[in-house]
2 protein chains.
Amino acid sequence: MKIDFDGIQAFVAIAELGGFSKAAESLHLTQTALTRRIQKLESYLGLKLLDRTTRYVELTAVGREFLPQARAMVLEVTRSIEGLKDMSRHSHGSFSLACVPTMAAHILPEFISKYAEACPGNRIRLLDGTSYEVRNAVLNNFAELGICIQGEHNAELAEIPLFDDRLMFFCRDSHPFSRKESVTWADMSQADLIVVSNMTATRVVMDYQLAKKGIRLSGAYEVQHHATAISLVAAGVGCAILPASTLEEGDRQGVRRIPLVGPVVKRKVVLTRRKKSSLSPAASAFFDLLKGSPLKV
Amino acid sequence: MKIDFDGIQAFVAIAELGGFSKAAESLHLTQTALTRRIQKLESYLGLKLLDRTTRYVELTAVGREFLPQARAMVLEVTRSIEGLKDMSRHSHGSFSLACVPTMAAHILPEFISKYAEACPGNRIRLLDGTSYEVRNAVLNNFAELGICIQGEHNAELAEIPLFDDRLMFFCRDSHPFSRKESVTWADMSQADLIVVSNMTATRVVMDYQLAKKGIRLSGAYEVQHHATAISLVAAGVGCAILPASTLEEGDRQGVRRIPLVGPVVKRKVVLTRRKKSSLSPAASAFFDLLKGSPLKV
DNA sequence: GTAAATATATGCCTGATTCGCAATAATCAT
DNA sequence: ATGATTATTGCGAATCAGGCATATATTTAC
């Protein structure tokens, strides 16, 4: 048998307001309907909850016992449902976003503040990790959205290109190349190179594209994180090849960023989501925000 | 808008069992009906709770968030409703019974054990007090049933006679009257009488009936409780006039109970309930038990 | 790659439910 | 008694929900 939630709601309203008519008004119904709902509920339960004459309404012993429970249930359910409806109406709620650290520092701050403005009160749980981890988080529903480097195609993931992140040459301003307009991959052989680990997506992309041109790169140093590489450059350890997004030219005293050509190598930064999963309103709002904004390098 | 509890229930069932078909079976519905329920719920909420292909069902982020709440709500409501239904089906539950102390000691033990046999697990909250208090407790819904002495008529109360409780003469077996078959009210003038307070219903009934015969009684001692009076008799303080139910002949060493005639005065013990209030199944079962059993003095 | 198997979705119909209006009945207050 | 107030009931209409048959989509197997 079906649970008669409306009946319970009617019972609570009548008990609280002390009459069918008042309760009917508060529920936007006629008192006729309420009479019927209570009758149905009582006959379903097999007991009376309200003693009523045509003139007066009073709780029965059972009704008195049941009222607190009923009240709590009605409150809980309506609150919960209203919360969900609100979630959909105003894109309320929280969601998880997985993101590679570089992008978390580079583009995210701007979008998070835009998002906070559009959807005040919403919280973003930020999971940072490697591209691989980001993609996995999205695939396993640990995060609804991910920002990472485009890698091998995965049928389960939808990827929306955000921007191309060009690889650049980073050196101290005391370096011989520091005044050049651009440097070539061929020039790299003369430099003490700091490169990121070949476990990173950036490195995989780079090696792949260079291999197509027959270029092989060997670095003197290998680090895990872009931020570390920059620090080493600043400290005078050597030069680095890193995505442009790592550091804007002029952002760090004594470090120069120089375009690297022949060929120009880019990694593609993408926004990714699981094809099968629908986005929550909160995530959807963020998704639209990111998708709708043109991004410059 | 009406709260769609069925939808929530469907959602929980599907989420727990991992599919529409299995859930449909557990809810004794077709899978078609479930599809419709979920569609209705989702469109009402304006968001998706389940990502499903024709082949697979998976929770969305929102669905995952909502599931624990939904599960708790469904559980709470069904448990509560089932409890009420059970209450009606098996006269389960507790109720309050108001009773005068004498009767609590005299007839109640028998009925309580009968009741416990018929309705195991049910609890009776026993409120003992004077007849006046008993009637008030019933009138104010502090107790569903009352056992008291019949007094002035009250339109709000229904009274079912249980038995006539005859006034008796109680004395020590050393008393001059102790061997008599009966004593008369006229004999009373020769006795050191212990009577109950004129605040008690027993006394009111007694005085009223004696007054009609032109008899006036004066007691040497006045006590509140029948039990006290008996103790005084046993201690040799004097003789008492008390309802037969106070003590069976032979129940107390050295105390004799002798019929009192000319006239025979009785108080009527009644079972009372509030006319307006319906009885809970638990109280109703007790009511029927009491009403259906012939009672001897 | 195609077919079979499996699970959800949809069209359509039917039966049941629910609602509201109007009229009725019952109670309380004057 | 009478009138005011409030719940109940009869009845018709609209809506809703359920079920059957079928379509559609996806996975698995050969």
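Assuming charge only on the beta carbon of Lys and Arg (+1) and of Asp and Glu (-1), the dipole of the stretch B:165-266 about its Cα centre is about 220 debye to the nearest 20.
The distance between label points at residue A:153 and residue B:180 comes to 11.8 nm (points 7 Å beyond Cα on the Cα→Cβ vector). Averaging 1/r over every pair of different alpha carbons in the stretch A:128-195 and inverting the result gives a Kirkwood radius of 15.2 Å.
Summed over all non-identical Cα pairs, the Kirkwood treatment of chain A gives a radius of 23.8 Å.
Taking loop as defined by DSSP and a crowding limit of 14 other beta carbons within 10 Å, which trypsin sites (Lys or Arg not before Pro) in the stretch B:114-156 fit?
Values: sites: B:114, B:123, B:125, B:135; in loops: B:123.
Listed in order of number, the matching sites are B:123.
By the equivalent-ellipsoid construction on the alpha carbon gyration tensor, the stretch A:1-52 comes out with semi-axes of 17, 12, 9 Å, ordered largest to smallest. Could you tally the net charge around residue A:44, taking each other residue with its Cβ under 10 Å from the Cβ of residue A:44, Lys/Arg +1 and Asp/Glu -1? Taking every other residue near residue A:44 into account, the sum is +1.
Inter-copy label distances for residue B:292: 7.3 nm (label point placed 7 Å from Cα along Cα→Cβ; shortest first). Binning all Cα-Cα separations of the stretch B:1-110 at 5 Å, short to long from zero, yields these whole-percent fractions: 2, 11, 17, 18, 13, 8, 6, 5, 4, 4, 5, 5, 3, 1, 0. Here the protein assembly as shown is described by how far its Cα atoms reach on the three principal axes: 137, 51, 38 Å, from widest to narrowest. Here the protein assembly as shown is treated with +1 on each Lys and Arg Cβ and -1 on each Asp and Glu Cβ, and its dipole about the Cα centre works out to around 920 debye.
What share of the DSSP beta bridges in chain B is antiparallel, in percent to the nearest 5? Numbers along the way, then the final one.
Details: 26 of 41 bridges.
Once the DSSP bridges in chain B are tallied, antiparallel ones form about 65 percent.
Lysine pairs, Cα distance under 19 Å, 8 or more residues apart or cross-chain: how many in the stretch B:141-287? Walk me through the intermediate numbers first.
Numbers: B:212/B:266; B:212/B:268; B:213/B:266; B:213/B:268.
Taking the stretch B:141-287 as the scope, the lysine pair count is 4.
Mean per-residue shielding of peptide B:2-9 is 5, counting Cβ atoms of other chains within 10 Å of each Cβ.
Per-residue SASA remark: residue B:106, around 50 Å² accessible (1.4 Å probe; ligands, DNA and RNA not included).
Note on the stretch B:165-266: semi-axes of the ellipsoid equivalent to its C-alpha gyration tensor, largest first and rounded to whole Å, are 19, 15, 12.
Please list, by residue number, every one of the chymotrypsin sites (Phe, Trp or Tyr not before Pro) in the stretch A:76-156 that is coil in DSSP and has at most 12 other beta-carbon atoms within 10 Å. Please list the in-between numbers first.
On the way: sites: A:95, A:111, A:115, A:132, A:142; in loops: A:142.
Qualifying residues, ordered by number: none.
Axis-proximal residue of chain B for the rotation onto chain A, reported as residue and distance in whole Å: B:5, 2, based on Cβ position.
Taking the Cβ of residue B:230 as the centre, find all other residues whose Cβ is under 12 Å away and add up their charges (Lys, Arg: +1; Asp, Glu: -1).
On the way: positive: B:172, B:252, B:256, B:257; negative: B:248, B:251.
Residues close to residue B:230 contribute a combined charge of +2.
Across peptide A:75-81, the mean count of Cβ atoms from other chains lying within 10 Å of each residue's own Cβ comes to 5.
Over chain B, what relative contact order in percent results from Cα pairs under 8 Å that are six or more residues apart? Could the numbers behind the result be given before it?
Working: 470 pairs, mean separation 64.2, N = 297.
This gives 22 percent for chain B.
If you take all other residues with their beta carbon under 12 Å from the beta carbon of residue B:83, and give Lys and Arg +1 and Asp and Glu -1, the sum is -1. Relative to one another, the C-alpha centroids of the stretch B:78-129 and the stretch A:245-272 are positioned 82 Å apart.
The alpha-carbon atoms of the stretch A:77-194 define a convex hull whose volume equals 161 cubic angstrom per residue. Considering only alpha-carbon pairs that sit under 8 angstrom and 6 or more positions apart, the relative contact order computed for the stretch A:129-276 is 45 percent. If both residues of a DSSP beta bridge must be in the protein assembly as shown, then about 65% of such bridges are antiparallel.
Keeping the other protein chains in place, figure out the carbon and sulfur percent of the accessible area of chain B, with a 1.4 Å probe. The partial results should precede the final answer.
Details: 7420 of 14540 Å².
Heavy-atom surface of chain B belonging to carbon and sulfur, 1.4 Å probe: 51 percent.
With the largest listed first and rounded to whole Å, the semi-axes of the equivalent ellipsoid of the stretch B:58-123 from the Cα gyration tensor are 45, 11, 7.
The values are calculated or read from the model by the stated rules, or taken from the named source; none is laboratory data. A quick note: this is a predicted structure, and the numbers were derived from the prediction, not measured. All Cβ positions, glycine included, derive from the backbone under ideal geometry; neighbour counts span all protein chains shown. Accessible surface areas use protein heavy atoms only, side chains included; no ligands, DNA or RNA. Shrake-Rupley method; radii C 1.70, N 1.55, O 1.52, S 1.80 Å.
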